[in-house]
Amino acid sequence: MLSKAFRIACAGGAAALALTACSSSSSSGGSGGKTLKVAYVKFGNEIAVDAHMQKVKAQFEAAHPGITVKLDPIAAAENDYYTKIDLMMGSGSTAPDVVYEDTFLINSDIKAGYLTPLDSYLSTWSDWSQFPDTAKSAARGIDGKTYGVPMGTDTRALYYNKALLTKAGITMPWAPKSWQDVLAAAKAVKASSPGVIPLNVYAGKPDGEGSTMQGFEMLLYGTQDTLYDSSSKKWIAPSKGFTDALQFLKDAYGGGLTIPPQQELDPNIPNVVSGQMIPAGKLAIDLDGSWVTGAWGASGAKPWPDWSNAIGEAAMPTQAGAGKGTISLSGGWTLAVTAKSKNKDLGAQFIELALNKDNSESYDIADSQIAVRNDVAADSKYQSTNPTTAFFTGLVPVTQYRPAYAEYPKVSDAIQVAMEAVITGQSSPADAAKAYTETLKGIVGSDNVAAGSS
Amino acid sequence: MAPRAQLAGEELAGAVGPIASPRRARAARATRHLPLAPALVMLFLFFLGPVLWSIYSSFTNAALTGEGAQNPQWVGLDNFRRLFSDPNVTNGIWLTVVFVLGSAVIGQNLLGLAIALLMRGRSRWLRGTVGGIVVSAWVLPEVVSALIWYAFLGQNGTLNQIMKAVGMSGQDWLYSSPMLAVIIANTWRGTAFSMLVYNAALDDVPTDVQEAAELDGATGWRRLWSVTLPLIRPAIVTNLMLITLQTLSVFTLIYVMTAGGPGFASATLPVLMYQQAFKFSEVGYGTAISLLLLAIGAVFSFVYVRVLKPEA
């Protein structure tokens, strides 16, 4: 049902956008005090950012009398949120002052001239020293300036239903050593618990970057290939790893081990997986992000007190157990000030307040984020609140980062197209990989593409 | 219709003309158009403006994010070159033609004609009931009818529930046969328009011609083919032209029902254009697709005007 509502929302998007434009211009032109507009996503189970912003708004308004913080929670699935904020930031009359930006998009938006460098503010912010260099670099443009402050980061791994896997004859704790182990466990569940979906790997266009990162890259980075070779500065395609990752999807989807493709291609599927399927015991294994348990906490969208007894976590193995044996990927979101904002100083102050130690900590706990601030990461309250924190933080040594260059969002789109073609049976993995190679050459230029292993 | 009305206006003006002096007539003609000025300005600004802008941006790499957002560059014919080597566009053209032929030319047009013919000479009560039901599908906002069909054909939809109740196994129709699903939905939605056009046209067919043909021993089919259809030919052309152009640009219905998927299996050009411009952020390329859509509309219109030209 939600997906219909969502598609309708999209169809009416232009109209809604026009309305936003009207309302924002009328409110900011109003009486005496200034208005600070903050845009972020609030969709399905993603309600933690909204709760955080409500809290910071109250603190900020108390500290700055006469200033009103206007929150703009955008109800849109991942891809539509990106589209919407890009459209909003393109015009001075609709641009919010503070925007919630994915590190995946930030380089592209920096290049688009949508964001303001924050260096002059950060240099006088004593807390900035608490952010480690890797976190600082997440939102650094090619000009060396910093455009966003990270709220937290994440890693990715396999969640599994302990009872279902035990019933399938798998010894606990589950620790798969290769892709074959994962598929074998899924097949065992299919045999022992008919009616249960054995495995979820996100795929296809509707789920956007979630498909690319939680689904495809968790596979690809476990092969000997990657998307981008930073030493030769070339994008890698075609490669055996790319085709193999698609083949894994074909095996899983074609073998009936996953959510049926027609249901998987619903933009609301991440919410269905974490909000319904896993708590109801309808899904045995889920390849997903560290934030998923946030939905099950006391303040989450789907409180589930007993989840830590029912659900276990296992690191995602590499293709055949090579390398470090396991793999993870990290992303995360930042807060940034837009280039067209008329209240840049206030915007920066809002971010500094929103991500001070206490606020960072409460947000990281509520949204099951991996803390980026050293003082939060070292805090016992943060370490003890969520039983999975130690596990997901422990994946940091094997984690990889996306080549989040300005072209990356388009590359990600091309990957989603390839995945969807494979899971719907419209293309073979080899053909889809070939089509991807052609699209990639169109995006980054043939000179910047090199073949990987074969 | 419009040109004829205008012509009548000119004739009227001409009839008044000789009484007044030529100069005053010219001045009167100029001031007569003055009240149109605000409307014309609006039309240029909000109708022609976006059209010109979209033609311009189809030659640039305008984008929602990245380099193309800050400084769109003139890329010449790059977008069009890409257009003709992109398999999704070829597929989109094909799907658009199938959609127009299936749901407009065959579905809405023939069904509308059939209903209009069957309703001729029936009781007022029957005409009212049938007409009311058909028109109610047309009155609904597009997004509502799309939702109705989504609910009917979806995985847990009404159709599958009914099939389950009678012991048949359903399937996800929107996934297994997306084009058929959107064609049926669009036929359902648009038939009323054709029916109304043909109802009006058939009312104008003189009964004496029909009776004469009947006396000459023409059968029902023969009368339809040789008498009725030639007489309503102008209405057929108008109707085909209008529903074709309408159907070419159908977006909401398909987007809500299948979002162009699975894969690109129901991505007609409007849906593809939206995806390229707003999902993949390539506004320049998206507008190039919109121009292609314009060209296809022109081809259809040309064919109708040529092939079905009313004999003067």
Original post:
Between B:Ser123 and A:Lys342, what is the spin-label point distance in nm, taking each point 7 Å from the Cα along the Cα→C-beta axis?
Top reply: 6.9
Subject >> Among B:Gly121, A:Trp179, A:Ile197 the positive-end extreme of the charge dipole of the protein assembly as shown (Cβ point charges) >> reply: B:Gly121
**OP:** Determine the shielding of peptide A:81-93 by partner chains: average, over its residues, the number of Cβ atoms on other chains within 10 angstrom of each Cβ.
**Re:** 3
Original post:
Of the beta bridges DSSP finds with both residues in the protein assembly as shown, what % are antiparallel, to the nearest 5?
Top reply: 60
Original post:
Using r as the Cβ-Cβ distance of B:Thr207 and B:Gln171, and R0 as 45 Å, what FRET efficiency do you calculate, to the nearest 0.05?
Top reply: 0.35
Subject >> Where a label projected 7 Å from the Cα of A:Ala163 along Cα→Cβ would reach, residues of the stretch A:309-331 with amide N under 12 Å >> reply: A:309-311
**OP:** Only residues of the stretch B:34-57 count here: report those whose backbone N is under 11 Å from the spot 7 Å along Cα→Cβ of B:Leu245, or say none.
**Re:** none
Original post:
Under a Cβ-Cβ cut-off of 12 Å, what is the net charge of the residues other than A:Tyr121 that fall near it, where Lys and Arg count +1 and Asp and Glu count -1?
Top reply: -2
Subject >> Inter-label distance for A:Asp133 and A:Ala58, nm, one decimal - labels placed 7 Å from Cα along Cα-to-Cβ >> reply: 4.0
**OP:** Using a 10 Å cut-off on Cβ to Cβ distances, tally the other chain neighbours for every residue of B:67-73 and report the average as a whole number.
**Re:** 4
Original post:
Pick from B:Arg29, B:Arg127, B:Arg82: which is most flexible by mean-square fluctuation in a GNM of chain B where alpha carbon atoms under 10 Å apart are linked?
Top reply: B:Arg29
Original post:
Counting other Cβ atoms within 10 Å, which chymotrypsin sites (Phe, Trp or Tyr not before Pro) in the stretch A:321-415 have at most 10 and lie in a DSSP loop?
Top reply: none
Original post:
Using the eigenvalues of the Cα gyration tensor, what equivalent ellipsoid semi-axes result for the protein assembly as shown when each is taken as the square root of five times the eigenvalue, whole Å, largest first?
Top reply: 53, 34, 24
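May I ask for the net charge around B:Asp216, where only other residues with Cβ less than 13 Å from the Cβ of B:Asp216 are counted and Lys, Arg are +1 while Asp, Glu are -1?
Net charge in that neighbourhood comes out at -1.
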Original post:
In whole percent, what relative contact order does the stretch B:39-85 give with Cα contacts below 8 Å and a gap of six or more residues?
Top reply: 28
Original post:
Can you list the HN-Hα couplings for the stretch B:149-158, worked out from phi with the Karplus curve (6.51, -1.76, 1.60; θ = phi - 60°), rounded to whole Hz and with x for Gly and Pro?
Top reply: 6, 4, 5, 7, 9, x, 3, 9, x, 4
**OP:** Highest first, please rank the peptides B:187-199, A:185-197 by the mean number of other Cβ atoms sitting within 10 Å of their residues.
**Re:** B:187-199, A:185-197
Subject >> Inter-probe distance in nm under a simple model that places probes 7 Å from Cα toward Cβ, at A:Ser380 and B:Arg23 >> reply: 10.4
**OP:** Take the Cβ-Cβ distance between B:Leu229 and B:Leu294 as r, set R0 to 35 Å, and report the resulting FRET efficiency rounded to the nearest 0.05.
**Re:** 0.70
Subject >> Environment charge of A:Ala75, counting only residues whose C-beta is closer than 11 Å and scoring Lys/Arg +1, Asp/Glu -1 >> reply: -2
**OP:** Shielding by partners for B:147-158, please: the mean number of other protein chain Cβ atoms within 10 Å of each residue's Cβ.
**Re:** 2
Subject >> FRET efficiency, 1/(1 + (r/R0)^6) with R0 41 Å, evaluated for A:Ala298 and A:Ser91 via beta carbons >> reply: 0.55
Original post:
So what is the 222 nm mean residue ellipticity for chain A from helices alone, if each DSSP H run of at least 4 adds -39500 (n - 2.57) and you divide by all residues, rounding to the nearest 500 deg cm²/dmol?
Top reply: -12000 deg cm²/dmol
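Tell me the relative contact order for chain B as a rounded percent, counting alpha carbon contacts under 8 Å between residues six or more apart. Provide the component values of the computation, followed by the final result.
On the way: 315 pairs, mean separation 82.3, N = 312.
Result for chain B is 26 percent.
No value in this document is a laboratory result; all are computed from the given coordinates. Owing to the predicted nature of the structure, the values given are computational and were not obtained by experimental measurement. Neighbour counts run over all protein chains shown; Cβ positions are idealised from the backbone, glycine included.
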